[in-house]
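The values are calculated or read from the model by the stated rules, or taken from the named source; none is laboratory data. Because the structure is a prediction, the values reported are computed rather than measured. Cβ atoms come from the backbone with ideal geometry, glycine included; neighbour counts cover every protein chain shown. The protein model used for the area step is the full one, side chains on, heavy atoms only, and it has no ligands, DNA or RNA in it. Shrake-Rupley method; radii C 1.70, N 1.55, O 1.52, S 1.80 Å.
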Amino acid sequence: MFPFPSLQLYPRFTTAAMLEKLPVLADYDVSPLTGFLPETLPLRRLNSYFDAWEDIVENLPALVLTRQVRPLVDAMPHLDTKHLQSEPEWRRAVSILSFISHAYVWAGDAPSDHIPTQLAEPWLAVSAHFDLPPICSYAGVCLWNHKTVVPVDSPEKWTLDNIATLNTFTGAIDESWFYLVSTAMERQGAPCLATGLAAIRACREDKPDVVIKNLQLLAEAIDGLTTTLMRMFEMCDPHIFYFRLRPYLAGWKNMAEAGLPKGVRYGDETEYRQISGGSNAQSSLIQALDIILNVEHHPTGTRSRSKTELPTDRSDRKPEKSNNNFIHEMRKYMPIKHRQFLEHLTLVAHIRDYVTANAEREPALVISYDACLAMLRNFRDKHIQIVSRYIVIPSQQAKKQKDNLTKREGLAASSDKKKVERGTGGTALIPFLKQARDETGDSAAGSWGRRILSENVQTGEFATAPATTILKRPVAAMESESYAAGQDSAKMSTFKKVKTALFGSTKPAEDETRQVGLSGDWKTSKDKGGIPHW
């Protein structure tokens, strides 16, 4: 038998050794312990040369409250970034300058469309060091903005119950918790990267048992991420997030109604820049999971195939470059090495091809692979629930209470009660997220998996059928095929988790015709493929 059956799909390959080399995590500033977080805690303060920056960011909540950010920044000296000597210092500079700059723009009676030179030039320099746009992005507030509450001896103990933020805009627990949930997920999801690469390596070596084991571990790890995500409700109040925090996280793209029709001008530049604000889509971890599992996303409203159509052969696939693919667009907001890791990972991720090529020989491959997709789809379903509670519902309340809004709440809300609200990139929020969720199921390797993971589960022929009826026949078939031969209990446990994921809460978001993005609604006719959201 050919040593790697799925390679028969690729005539240009003759041996596994001729495949693209697997990425080495360390080459891309990625850690098996902390993932896309640095293995050492972020610096708490830069050296004394940068005290002017540090003193402002240390007192930022009070300065925002008393409207003193702009006077202090205007009087701030121009500091040279050549005094930054290490990567942790560069990361710290990105984070604190992002906080100060967004506070300068948004913390006033009206937004400022100009960032002064003494703030803009160093911000541009430190952003360029990581090939990041000069904006308050996911990296600055979630990857490089944490500390431990109690000292620990290993990054594995950077749990949600023992980390705190270094800096915030408001000083509120809600804001800290909002960032820290993502930080904890990044650390918790680190093993997914090594596990995914191990599964890819096992595919090349034609070791189905190893592939199955790693896919089961991956499914359970994704399930753990969902559990952490749902802890958002513990300490982050939707009202505080929507009305108090969200305005400061906004970028300045398509923000005419908020007072920035042209965007923002940096220092001595004569042209205005329009840059999208922060988004959880800027998390390299979630995109890495999509790539490992061969999940493909498309511009909102343009899914490229029907629900039952198989994904196309990926042997000659290259990283998709589409001006309208928002998820790919968000990679520009990731540190360059993380972005390069995703590009390299895309070249080597062929797990689905191996699973489908060996489905008859090893049926458990299909179950394990589809379990991963079920867990990832469930993760996205829970994310939709959070977005609905933290953005969609508060935006509706804001419209009903427009006359009673405070000044800052008015900045966050639309002035047009009839307008269909959209995100900073121009795409309606819930439809974008729902499509991303549904596309997760499109790659299912088994016919039953494709049927169950399709949106038909919620809206089609299965919508009114009890779960036991839906599952009865396929479950019996799959159990007899895959477990009668003596599969271990861990595989059955994973399979039970799939059923839970598939038939969890499917309650649709309320009033999906009126949606809102990160900092209010603002229109655009050009950017139809993007929508930054948290």
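Can you give me the orientation-averaged projected area of the convex hull built on the Cα atoms of segment 129-183, in nm²?
On the way: hull surface 18.1 nm².
Averaged projected area of segment 129-183's Cα convex hull equals 4.5 nm².
Using θ = phi - 60° and the Karplus form 6.51 cos²θ - 1.76 cosθ + 1.60, what ³J(HN,Hα) does each residue of segment 47-60 get, whole Hz, x for Gly and Pro?
Result, rounded to whole Hz: 5, 4, 4, 9, 4, 4, 5, 5, 5, 5, 5, 5, 10, 4.
Solvent-accessible area of Glu269, probe 1.4 Å, all protein chains present, reported in Å² to the nearest ten, please.
Using a 1.4 Å probe on the heavy atoms, I get roughly 50 Å².
Hey, can you rank 331-343, 272-284 by average C-beta count inside 10 Å, highest first? Can you show the working numbers first?
Working: 331-343: 19.8, 272-284: 23.6.
With the highest mean Cβ count within 10 Å placed first, the list reads 272-284, 331-343.
Could you derive backbone 3J(HN,Hα) for segment 270-280 from the dihedral phi with the Karplus parameters 6.51, -1.76 and 1.60 (θ = phi - 60°), listing whole Hz in sequence and x where the residue is Gly or Pro?
Per-residue couplings from phi come out as 8, 9, 7, 10, 10, 10, 5, x, x, 7, 5 Hz.
Across the Cα atoms of segment 124-217, what radius of gyration and what greatest pairwise Cα-Cα distance (Dmax) are found, in Å?
When restricted to Cα atoms, segment 124-217 yields Rg and Dmax of 17.7, 53 Å.
What is the mean projected area of the alpha carbon convex hull for segment 233-288, to one decimal in square nanometres? Display every interim value, and only then the final one.
On the way: hull surface 23.8 nm².
Over all viewing directions, segment 233-288 projects a mean Cα-hull area of 5.9 nm².
Quote to one decimal, in nm, the extra length available between Arg231 and Asp131 on full extension: 0.36 nm per residue of separation minus the C-alpha distance between them. Numbers along the way, then the final one.
Details: separation 100, 0.36 × 100 = 36.00 nm, distance 3.23 nm.
Between Arg231 and Asp131, full extension yields 32.8 nm more.
Taking the Cβ of Leu119 as the centre, find all other residues whose Cβ is under 11 Å away and add up their charges (Lys, Arg: +1; Asp, Glu: -1). Walk me through the intermediate numbers first.
Details: positive: Arg70; negative: Asp74, Glu121.
Summing Lys/Arg as +1 and Asp/Glu as -1 gives -1.
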